[in-house]
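The values are calculated or read from the model by the stated rules, or taken from the named source; none is laboratory data. All values derive from a computational prediction rather than experimental measurement. FYI the Cβ positions are ideal-geometry reconstructions off the backbone, even for glycines, and counts take in every protein chain you see. SASA here: full protein model, heavy atoms, side chains in, ligands and nucleic acids out. Shrake-Rupley method; radii C 1.70, N 1.55, O 1.52, S 1.80 Å.
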Amino acid sequence: LDYPEYFPQERKWRFPRIVQGVMNHAAGILASSEAAAERIARYRRDRGLSLIPIIADPLPGAHPFLDRTGRKVSNHPYVLAIGTVEPRKNYLGLLLLWRRLILEGQRVPKLVILGRIGWENEGVIALLERSPALKGHVMVASGISDEACLRLLQGARALLSPSFAEGYGIPIVEALSAGVPVIASDIPVYREITQGRATFCSALDGQAWARAVTDLLHPVGNETRQRDADAFSSPQWETYFDRLLPALRTL
């Protein structure tokens, strides 16, 4: 609704109908972040709809990601980006950043993107297929298991998430829960779900992203980010339901 330019045309008529159905019939709404809950409440206010309970409860990661004991940073530096390759995720910005740094002769970690190829990706595909600079520096994989994803996270220098907009960010929560540092775009929902335990850069600030990425190859930068990740308080499934079930009983 807020960023239709990031989605296929058919979403422009289908998604508003889905939202309106929820607004017409739901006794309450579950949101995974306070940012999403506030946006839903604003939608209702703007349309003069009556107030209903909106319960914001952050989703924990899958159980394997809640264990930090397997963290062992690889001697071959790499970073991960996780999620469908689509315009909202700003993968094009990441690829252009990598290309620029490589052409400037700077050292960069390898970029591993875990996610299926989605929509409106002509620029991303062109870079991946035809840019000589990116060969050997960027890898894209999809369809891997949670276990394989966790192993890759455990060895990564950081998880990168330069999205323009999100309602939550389960890869970020799972990375921090597994003790993996995060570099993320400076949007309110990411400030919220990381508990401030991330490196934040504007999605449009290429210089800030360049500094953050190249800093990952220096011990001091890694130590600072690792302390932030270690201080993250992981959402737990037990406490999630301890909060959720009483709220549901009030509906």
Query raised in the report: Using a ≥ b ≥ c from the Cα gyration tensor of region 92-145 (square roots of the eigenvalues), is it rounded, prolate or oblate, where a/c under 1.5 gives rounded and otherwise the larger of a/b and b/c decides, a/b for prolate?
Result: oblate
Requested in this report: Please report, in Å, the Rg and the Dmax of the chain, where both are computed over Cα atoms only.
Outcome: 19.3, 60
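How high is the relative contact order of region 174-237? Use alpha-carbon pairs under 8 Å, at least six apart in sequence, and give a whole percent. Walk me through the numbers before you get to the answer.
Working: 65 pairs, mean separation 28.4, N = 64.
After rounding, I find 44 percent.
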Query - Contact order normalised by residue count of the chain, Cα under 8 Å, 6+ apart, percent - result: 23
Query raised in the report: Any idea what the dipole of region 33-81 comes to, in debye rounded to 20, about its Cα centre with Lys/Arg Cβ at +1 and Asp/Glu Cβ at -1?
Result: 100
Query raised in the report: Considering the chain as a Gaussian network with a 10 Å cut-off on Cα pairs, which listed residue, SER161, SER185, SER142, attains the greatest mean-square fluctuation?
Result: SER142
Query raised in the report: Which of ALA133, THR250, GLY28 sits closest to the plus end of the dipole of the chain, meaning its Cα is farthest towards the positive end, when Lys and Arg get +1 and Asp and Glu get -1 on the C-beta?
Result: ALA133
Query - Fluctuation leader among LEU216, LEU94, LEU127 - the chain, Gaussian network, Cα springs under 10 angstrom - result: LEU127
Query - Simple Cβ-charge dipole of region 146-244, Lys/Arg +1 and Asp/Glu -1, about Cα centre, in debye nearest 20 - result: 240
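Just to make sure I understand: if all protein chains stay in place, what is the order of LYS89, LYS72, LYS135 by accessible area at 1.4 Å, largest first?
On the way: LYS89 35, LYS72 155, LYS135 115 Å².
Accessible-area ranking of LYS89, LYS72, LYS135, largest first: LYS72, LYS135, LYS89.
Nothing charged except the Cβ atoms of Lys and Arg (+1) and of Asp and Glu (-1): what's the magnitude of the dipole of the chain about its Cα centre? Round to the nearest 20 debye. Intermediate results must be reported in sequence, preceding the final value.
Numbers: 30 positive and 26 negative charges, 55 e Å.
Dipole magnitude for the chain comes out near 260 debye.
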Report task. Name the shape class, rounded, prolate or oblate, that the alpha-carbon gyration tensor gives for region 1-98, where a ≥ b ≥ c are the square roots of its eigenvalues, rounded holds for a/c under 1.5, and otherwise prolate holds if a/b is larger than b/c and oblate otherwise. Result -> oblate
**Report entry** In degrees, nearest ten, helix 237-249 long axis to first principal axis of the chain (Cα)
**Finding:** 20
Report summary line: Dipole check, the chain, charges on Cβ (K,R +1; D,E -1), about Cα centroid: among PRO77, VAL19, LEU94 the Cα furthest to the positive pole belongs to LEU94
Query raised in the report: Ranked from the most accessible area to the least, with a 1.4 Å probe and all protein chains present, what is the order of THR194, THR69, THR239, THR214?
Result: THR69, THR239, THR214, THR194
Query raised in the report: Which values of log₁₀ I(q)/I(0), to two decimal places, follow from the Debye formula for region 173-251 at q = 0.25 Å⁻¹ with a uniform point scatterer at every Cα?
Result: -1.17
Query - Alpha-carbon centroids, region 39-104 and region 197-227: separation in whole Å - result: 16
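What does the extension gain come out to for ARG227 and ARG14, with contour length at 0.36 nm per residue minus their alpha carbon separation? Working shown, then result.
Details: separation 213, 0.36 × 213 = 76.68 nm, distance 4.36 nm.
Extra length from ARG227 to ARG14 when fully extended: 72.3 nm.
What whole-number volume per residue, in cubic angstrom, does the convex hull of the C-alpha atoms of region 117-200 give? Can you show the working numbers first?
On the way: hull volume 10.4 nm³, N = 84.
That works out to 123 Å³ per residue.
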**Report entry** Accessible-area value, VAL220, 1.4 Å probe, nucleic acids and ligands omitted, Å²
**Finding:** 100
Report summary line: Ignoring ligands and nucleic acids, TRP119 exposes an accessible area, probe 1.4 Å, in Å² to the nearest 10, of 50
